[in-house]
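Asks: What follows is a single structure, and I will ask about it in a moment.
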Amino acid sequence: MQNFGSNDDLDEKGHVMTEQPKIKVKFEPKPKPSACPICTVEYYQKFFDIEQRDVYMRVRCSLLSWKPEFQQCVAKNPDLWGPLWISTTIIFILFAGGNLSRFLLEEDKKHFQYEYNYMYVAVFLVYAMAFVIPIILGVIMKYILKSELGVFDIVCMYGYSLSVYIFVLILCIIPYNEAQWFFLMSGLANSTIFLLVNLWDFIKKSKPALMIAIPIIVFNVALILCFKFYFFRLIYAVDD
């Protein structure tokens, strides 16, 4: 028996359909590229596409400051997630640790009051050090001094250079002046050496490039002085 097709294969006039109806596909036009890609959210997505183990590996490289391995660890894939996480953690430690240090020194603990200004100052100070200053230095190095490193390479490096202060500031809660200075100076040495070692191939090229080392050192020294004299300043009220 010849199969003339099922009812589903009949057209509107009852004839057997030998061909399936063609489906018209409507193609949406591609969005036009933005005139300012750096102003779009999509531009920054690649800087947050990173595995947790990669962040830990980069933190490890930053703590081993004398080894110029950070650029190999990053492998031309800088991220902003690590610097954002590190700087936000430091802000929390400054607020909580600074108040805890004051609490340990307070004789009348029942009337102790938190210093909420620590939060505002910490946000301004740490985010400026982690993002604003390296962006300025990165622009100078990239577009004036013709560095091979991009602006976000410098921001990534600067952000990870602050990771040592996570441990340093926790230790600074200990209410002893000499111990705090020792921890802060150790953090300063680690952070500064890390930056200079990993930028040395660029710094040694010329005198103008060598001048970049000056603001790096100055800003790092200014940072620990702010840590000491603002967040842990009341240590001087204690007699040894």
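The values are calculated or read from the model by the stated rules, or taken from the named source; none is laboratory data. No experiment lies behind these values; they were computed from the predicted model shown. Positions of Cβ are generated from backbone atoms using ideal geometry, with glycine treated the same way; all protein chains shown enter the neighbour counts. Remember, those area values only see protein heavy atoms, side chains included, never the ligands or the DNA or RNA. Shrake-Rupley method; radii C 1.70, N 1.55, O 1.52, S 1.80 Å.
Asks: Pull up the stretch 170-191, narrow it to residues that are under 18 Å from the mean Cα position of the chain (by Cα) and touching a residue at least 60 places away in the same chain (Cβ under 8 Å), then point me to the one that is least open to solvent (accessible area, probe 1.4 Å).
Replies: In this case the residue turns out to be 191.
Asks: Given (1) more than 19 Å from residue 149 (Cβ to Cβ); (2) at pLDDT 85 or above, where does residue 49 come up short, assuming only one miss?
Replies: The single condition residue 49 does not satisfy is (2).
Asks: Here is a further query. In the stretch 71-87, which residue that is crowded, with 20+ Cβ neighbours inside 10 Å and among the small types (Gly, Ala, Ser) is nearest to residue 132 (Cα to Cα)?
Replies: Among them, the one singled out is 87.
Asks: If you don't mind, there's one more thing I want to ask. Is there any pair with a first residue in the stretch 64-77 that is within 17 Å of residue 52 (Cα to Cα) and a second that is open to solvent by 70 Å² or more (accessible area, probe 1.4 Å) and not in a loop (DSSP other than H, G, I, E, B) whose Cβ atoms are under 8 Å apart and which are 6 or more apart or on different chains, and what are they?
Replies: 73/57
Residue by residue, here is whether (1) free of Cβ contacts under 8 Å to residues at least 60 places away in the same chain; (2) within 22 Å of residue 50 (Cβ to Cβ); (3) outside any helix (DSSP H, G or I) holds:
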site	(1), (2), (3)
86	no, yes, no
93	no, no, no
101	no, no, no
124	yes, no, no
131	yes, yes, no
134	yes, yes, no
159	no, yes, no
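Asks: Just need a number here: residues in the stretch 204-221 that are assigned to a helix (DSSP H, G or I), free of Cβ contacts under 8 Å to residues at least 24 places away in the same chain and open to solvent by 50 Å² or more (accessible area, probe 1.4 Å). Show your work before the answer.
Replies: Here is the first cut: in the stretch 204-221, the residues assigned to a helix (DSSP H, G or I) are 207-210, 213-221.
With the extra rule that they be free of Cβ contacts under 8 Å to residues at least 24 places away in the same chain, the set shrinks to 207, 210, 213-214, 218.
With the extra rule that they be open to solvent by 50 Å² or more (accessible area, probe 1.4 Å), the set shrinks to 207, 210, 214, 218.
Counting residues in the stretch 204-221 that are assigned to a helix (DSSP H, G or I), free of Cβ contacts under 8 Å to residues at least 24 places away in the same chain and open to solvent by 50 Å² or more (accessible area, probe 1.4 Å) gives 4.
Asks: Still on this structure, please answer the following. Is it true that residue 110 is outside any loop (DSSP other than H, G, I, E, B) and among the charged types (D, E, K, R)?
Replies: Spelling it out, residue 110 is indeed outside any loop (DSSP other than H, G, I, E, B) and among the charged types (D, E, K, R).
Asks: Within the stretch 136-150, restricting attention to residues that are open to solvent by less than 70 Å² (accessible area, probe 1.4 Å), of a type outside the set (Ser, Thr, Tyr) and not in a helix (DSSP H, G or I), which residue is farthest from residue 92 (Cα to Cα)?
Replies: Taking the stretch 136-150 first, the residues open to solvent by less than 70 Å² (accessible area, probe 1.4 Å) are 137-142, 145, 147, 149-150.
Restricting the remaining residues to those that are of a type outside the set (Ser, Thr, Tyr) gives 137-142, 145, 149-150.
In the following step, the residues that additionally are not in a helix (DSSP H, G or I) were identified as 145, 149-150.
On the way: 145: 36, 149: 31, 150: 30 Å.
Among them, the one singled out is 145.
Asks: Is there a residue in the stretch 190-203 that is under 21 Å from residue 133 (Cα atoms) and not in a helix (DSSP H, G or I)?
Replies: Yes.
Asks: Identify, from the list 122, 128, the residue that is modelled with pLDDT of 95 or more and surrounded by 22 or more Cβ atoms within 10 Å (Cβ to Cβ).
Replies: 122
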